[in-house]
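Encoded as structure tokens, the structure appears first; notes follow it.
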Amino acid sequence: MCARPWDLITVKSHQELSVPASDWVQTHASKIKAGGRVLDYACGSGRHAVWLAKQGFQVMAIDRDLASLQQIKSQHPDLAIQTEAIDLETDAWSLSHLGQFDAVIVTNYLYRPFLQKLPNLLNSQGVLIYETFAIGNEAFGKPSNPDFLLTPNELLGFASNMRILAYEDLTVTQPKPACVQRVCAVPLQSKT
């Protein structure tokens, strides 16, 4: 039997669970309501879901990879993490059944057709923490396809209807060298 592409990703993502939560996520998690509901969107191996749950947040981890989601639950049954397998790139994209969240976390994932819908998942006091690869990353390896790399200031444009709390477009060295853009933003009416 041939391995499906996401099965190969799963093997690697299970190994990545030992990678600590992103510095960006750790820094801006303090802006999330204490004990609040957090959506880890395209959670992969669950490194952020696990870290956030250990900080006392109620986490919903979603991804298309059922094996990764099952591993998160089996390895951390004591943590407040719910999981749901969802193909985040289908035309029928709807997460309204999940309700709204105090925070939405997205790292190392980019699917432009639904980027503008992410703020709809936040409640009025919610926080969006987003970090992914940018143009220039091809010098360091994958992803190198422009479809998966943000263009200069693209995250700022995406969050133009939000209040930007922090933004960076830089090269990082940890956990491995990469060009990234990252934003922390709240709805315009938020008092955060």
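The values are calculated or read from the model by the stated rules, or taken from the named source; none is laboratory data. Nothing here was measured: the structure is a model prediction, and the numbers come from that model. Virtual Cβ from ideal backbone geometry, glycine too; neighbours counted across all protein chains shown.
Things worth noting here:
- Contact annotation: residue pairs with Cβ atoms under 9 Å, 6 or more positions apart or on different chains, pairing a residue in the range 141-152 that is over 15 Å from Glu168 (Cα atoms) with a partner that is aliphatic (A, V, I, L, M) and surrounded by 10 or more Cβ atoms within 10 Å (Cβ to Cβ), are Gly141/Ala178; Pro143/Leu110; Pro143/Leu149; Pro146/Ile135; Asp147/Leu110; Phe148/Leu110.
- Residue that is surrounded by the most Cβ atoms within 10 Å (Cβ to Cβ), among those in the range 105-125 that are closer than 30 Å to Ser144 by Cα and aliphatic (A, V, I, L, M): Ile105
- Unique residue being surrounded by 12 or more Cβ atoms within 10 Å (Cβ to Cβ), under 12 Å from the mean Cα position of the chain (by Cα) and of a type in the set (Asp, Glu) when the list is Asp102, Asp63: Asp63
- In the condition set (1) in contact with a helix residue (DSSP H, G or I) (Cβ under 6 Å, 6 or more places away or on another chain); (2) among the aliphatic types (A, V, I, L, M); (3) surrounded by fewer than 17 Cβ atoms within 10 Å (Cβ to Cβ), Ala178 is compliant with all but (3).
- Only residues that are surrounded by 16 or more Cβ atoms within 10 Å (Cβ to Cβ) and at pLDDT below 95 were counted across the range 74-87, and they come to 2.
- The residue pairs whose first member lies in the range 167-178 and is within 16 Å of Leu155 (Cβ to Cβ) and in contact (Cβ under 8 Å) with a residue 24 or more places away in the chain, whose second member is of a type outside the set (Asp, Glu) and in a loop (DSSP other than H, G, I, E, B), and whose beta carbons are closer than 8 Å, counting only pairs six or more residues apart or on different chains, are Asp169/Pro152; Asp169/Asn153; Thr171/Gly136; Thr171/Pro177; Ala178/Phe140.
- Counted residues, the range 126-170 - those being assigned to a strand (DSSP E or B), of a type in the set (D, E, K, R) and buried (at least 16 other Cβ atoms within 10 Å of the Cβ): 2
- If only residues of the range 29-52 that are outside any loop (DSSP other than H, G, I, E, B) and β-branched (Val, Ile, Thr) are counted, the one that is surrounded by the most Cβ atoms within 10 Å (Cβ to Cβ) is Val38.
- Among the residues of the range 114-125, those identified as modelled with pLDDT of 90 or more and either of a type outside the set (A, V, I, L, M, F, W, C) or outside any helix (DSSP H, G or I) (or both) are Pro119, Asn120, Leu122, Asn123, Ser124, Gln125.
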